[in-house]
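What follows is one structure encoded as structure tokens, with my remarks underneath.
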Protein chains: 2
Amino acid sequence: MKKGQITIKDIAKELNISASTVSRALNNNPDISPETRELVQKFAKEHKYKPNSMAMNLRSKHSNIIGVIVPELANHFFSSVLSGIELVAEEHDYQVIVCQSLEDYSKEVRNVQTLIKARVCGVLISQSKTTTKYEHFQELIDNDIPIIFFDRICTGIDTGKVVVDDYSGTFNATEYMINTGCKRIAFLGAPPHLEISKNRKNGYLDALRKHHLPIEDDFICGADNKQLGYQTAKELLLSVNKPDAFMCMNDYTASGVLVAAKELGVKVPEEISICGFSNSNISQDTDPMLTTVDQYPAKVGEEAMNLILEKVNNPEKQERKNRIIKTNLIIRNTTKQLPENEE
Amino acid sequence: MKKGQITIKDIAKELNISASTVSRALNNNPDISPETRELVQKFAKEHKYKPNSMAMNLRSKHSNIIGVIVPELANHFFSSVLSGIELVAEEHDYQVIVCQSLEDYSKEVRNVQTLIKARVCGVLISQSKTTTKYEHFQELIDNDIPIIFFDRICTGIDTGKVVVDDYSGTFNATEYMINTGCKRIAFLGAPPHLEISKNRKNGYLDALRKHHLPIEDDFICGADNKQLGYQTAKELLLSVNKPDAFMCMNDYTASGVLVAAKELGVKVPEEISICGFSNSNISQDTDPMLTTVDQYPAKVGEEAMNLILEKVNNPEKQERKNRIIKTNLIIRNTTKQLPENEE
């Protein structure tokens, strides 16, 4: 083995395993068997491996550029998160470059490679809907580029995260519609493997349970854009057992439900209530204006940027910090008013 | 002077002028005096300066990454242009990274520096509203990074451009409203130094002239977002000489006009017609849905990407190519119907 400070690559070569395995073993990644983890950590200790000094050396070759990977820039939530990211970046004299995965796993892999080539010093990621493998995220960590997930987080990688309190968001919104008299509430959600889908659905389900309302499988649908919101709402509203409210994954879906309701002559909010999620720009352009859940995207961006800068500037700290951003129900005109004598 | 292939820096040193001046003189930039231009070009010729081989050497150190600078990603037009850019990039195995200037000149300057650091091989730019100096764009060219402008073009730099046919867009929309009976059409525009503002305003003015309608200064306002659209429309609709139509710079402005009209109980389109520009996502969410001008943003992005790839791959070609994207009037429900016996 060569003289001087040893690297992850040296350890990998000596133990005849991949550099990625070494990095994960050193980071106590649960994917690595306890045997391998112990072997790697023992070897690293004996040979005085110092992750931080190496990371710092590498980092000094890096820039003051933070890379951001988002599913889709045309989605108002993500462009609003970026405003928060830019704000904190400006304050600390960092620059921001953005890539979009367009909800495509293989494009997201190329985004990662591009950001490594562009010599970013840290990456903020909200993963694509189609991502179920995480080697590319690990590649960033192996290149000593710290990462922080936001909104659509990856539970397979042990790093800091900024999430929206999705559970409470849909719980509170669903409960509000129940309190205004709705009893048959449909849920239009996103692909079930995403953490945000699970959490929003659980908030919805728990609100029904709390109020002893039946849970109907037919009312739990996959529909997370305007077109699908429109189609799904039309089918449900034409069915015998039609719902009297829609809790939607986002405002685009809710706007599709609204179009279906108008087309069928169903009065909003008298006959059906509709709640979106995001408080995006379109939520005040529809007529009636959408009741929705504000998830403070700029705050998500600010917190994510704060966490990544902390990591970039203190690479020796191993602590994993998470942030949860509280949501707020914005009551507009697609839901009914609470009864006056409501306690 | 050192041996071998001479560079722009060598010429600059020998002639005691800046590298940027040499580059501009070699590119026949009109900002450089004819004397200096001749001096530089003569010197370059005598010393067998070859711009292309040098550019190609430099370029080989570059990447397959195209940088994009846009004013604001939250604006649907720009995120849609990006879709077109990404499409062509995918086809040719190029990667795209994006920076936003947030309409701030000094941030746009830092965007340029960031993209140079990130080793992009070409840059697509739509300039910020506050940009009136162009040295930073020239810096890219001086670094042998070709640039193409799109939509908000910079007339001070001699390079390829992709523009929307803004003039015909507002001309046709204004003429349509005249043909439906409107006689007092207000124009809500953007800062007058931008080429797109001038062209859209000229289209509006020429339509009035063609139909012998008076041009009223009070009807030509600066208002290019929802809030300003709302305020301006409210003032105009409360004035004695109120307009019967609004030709707006974009759909956001038009949506603000619509809110003002509803608030004042002014019927759309019976009492006033409203036309937006962009055919952005909100234009189908308003009620009534907006009549607007489609400027085919994805096509703008595709053409811009085609032009920059041509430059990246054929650095020896000096030809300046421009593309004009035709617009199309999308008639929805905020304007009246043409009279049936209209010829």
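Roughly how many debye, to the nearest 20, is the charge dipole of the protein assembly as shown about its Cα centre, given +1 on each Lys and Arg Cβ, -1 on each Asp and Glu Cβ, and no other charges? Write out the running numbers ahead of the final one.
Values: 82 positive and 92 negative charges, 529 e Å.
Result for the protein assembly as shown is approximately 2540 debye, rounded to the nearest 20.
List the relative contact order of the range A:204-343 as a percent without decimals, with contacts defined as Cα pairs under 8 Å and 6+ residues apart.
20 percent.
Out of the trypsin sites (Lys or Arg not before Pro) in the range B:182-225, which ones are loop residues according to DSSP with at most 14 other C-beta atoms within 10 Å?
Loop-located and lightly packed - B:Lys183.
Out of every Cα pair in the range A:76-169, what percent are spaced more than 18 Å from each other?
47 percent
Using DSSP to define loop residues, name the GluC sites (Glu not before Pro) in the range A:299-338 whose beta-carbon has at most 11 other beta-carbon atoms within 10 Å.
Listed in order of number, the matching sites are A:Glu316, A:Glu319.
Quick one: 3J(HN,Hα) in Hz for the range A:311-321, Karplus 6.51/-1.76/1.60 with θ = phi - 60°, rounded, Gly and Pro as x.
5, 5, 8, 10, x, 6, 6, 9, 3, 9, 9
Suppose only helical runs count, i.e. DSSP H with n ≥ 4. What mean residue ellipticity at 222 nm does that imply for chain B under -39500 (n - 2.57) per run, divided by all residues and rounded to the nearest 500 deg cm²/dmol?
So the calculated ellipticity at 222 nm is -13500 deg cm²/dmol.
Evaluate the relative contact order of chain A (contact order divided by residue number), counting alpha-carbon pairs under 8 angstrom at least 6 apart; express in whole percent. Spell out each step's value before the answer.
Details: 653 pairs, mean separation 58.5, N = 343.
After rounding, I find 17 percent.
Which one, B:Asn172, B:Tyr94, B:Asn225, projects farthest toward the positive side of the charge dipole computed for chain B from Cβ point charges (K/R +1, D/E -1)?
Value: B:Tyr94.
If R₀ is 45 angstrom, what is the calculated FRET efficiency for the pair A:Asp31 and A:Gln231, using the beta carbon separation as r and rounding to 0.05?
Values: r = 39 Å, r/R0 = 0.88.
With R0 = 45 Å, the Cβ-Cβ based efficiency is 0.70.
Using Cα pairs closer than 8 Å and at least 6 residues apart in sequence, work out the relative contact order for the range B:8-51, in percent.
Relative contact order comes out at 31 percent.
Rank the residues A:Val81, B:Val240 as a footprinting-exposure proxy: fewest other Cβ atoms within 10 Å of their Cβ go first.
B:Val240, A:Val81
When a footprinting reagent is the concern and you count Cβ atoms within 10 Å, what order do B:Ile85, B:Ile274, A:Ile32, B:Ile215 take, fewest first?
The most exposed by this proxy come first: B:Ile215, A:Ile32, B:Ile85, B:Ile274.
If you consider only alpha-carbon coordinates, what radius of gyration and Dmax does the protein assembly as shown have, in Å?
Using the Cα atoms of the protein assembly as shown, the pair Rg, Dmax is 28.4, 93 Å.
Can you give me the long-range amide H partners of B:Arg323? Hydrogens built in the peptide plane at 1.01 Å from N, cutoff under 5 Å, separation of 5 or more residues or another chain.
The answer is B:Lys161, B:Val162, B:Val163.
In square nanometres and to one decimal, what's the mean projected area of the convex hull around the Cα atoms of the range B:185-329?
10.2 nm²
Given a cut-off of 31 Å, name the pairs among A:Lys226/B:Lys262; A:Lys161/A:Lys210; B:Lys299/B:Lys336; B:Lys201/B:Lys267; A:Lys311/B:Lys133 whose C-alpha atoms lie farther apart than that in the structure shown.
Flagged as over cut-off: A:Lys311/B:Lys133.
Would you pull out the residues with amide H under 5 Å of A:Ile274's amide H, same chain only if 5 or more places away, H placed 1.01 Å from N?
A:Phe246, A:Thr335
Across peptide B:70-77, what mean number of C-beta atoms from other chains lies inside 10 Å of a residue's C-beta?
Partner-chain Cβ atoms within 10 Å, mean over residues of B:70-77: 4.
Note down, for the range A:90-238, the three equivalent ellipsoid semi-axes (square root of 5 times each alpha carbon gyration tensor eigenvalue), biggest first, whole angstrom.
Semi-axes (√(5λ), whole Å): 37, 17, 13.
How big is the range B:161-212 by the Kirkwood estimate over distinct Cα pairs, in Å?
Evaluated over the range B:161-212, this radius sits at 11.2 Å.
Could you work out Rg/(2.2 N^0.38 Å) for the range B:8-51, with Rg from alpha carbons only?
Relative to the 2.2 N^0.38 Å estimate, the range B:8-51 comes out at 0.97.
Quick query: amide H of B:Asp287 versus all other amide H atoms, modeled in the peptide plane; which residues come in under 5 Å with a sequence gap of 5 or more or a different chain?
Distant-sequence amide H within range of B:Asp287: A:Asp287.
So for A:Glu86, A:Glu35, B:Glu263, fewest C-beta neighbours within 10 Å to most, what's the order? Don't skip to the end; give the middle numbers.
Working: A:Glu86 25, A:Glu35 9, B:Glu263 12.
Listed from fewest to most nearby Cβ atoms, that is A:Glu35, B:Glu263, A:Glu86.
HN-Hα J couplings of the range A:118-127 from phi, Karplus 6.51/-1.76/1.60, θ = phi - 60°, integer Hz, Gly and Pro as x?
7, 6, 6, 9, x, 9, 9, 10, 10, 6
Cα-Cα pairs above 24 Å in chain A: how many percent?
The answer is 59 percent, as a whole percent.
Computed from the coordinates by the stated procedures, all read-outs in this text should not be read as laboratory data. The structure presented is a predicted model; accordingly, all values stated were derived computationally and were not measured. When we count neighbours, we look across all protein chains shown, and the Cβ atoms used for this are built from the backbone with ideal geometry, even at glycine.
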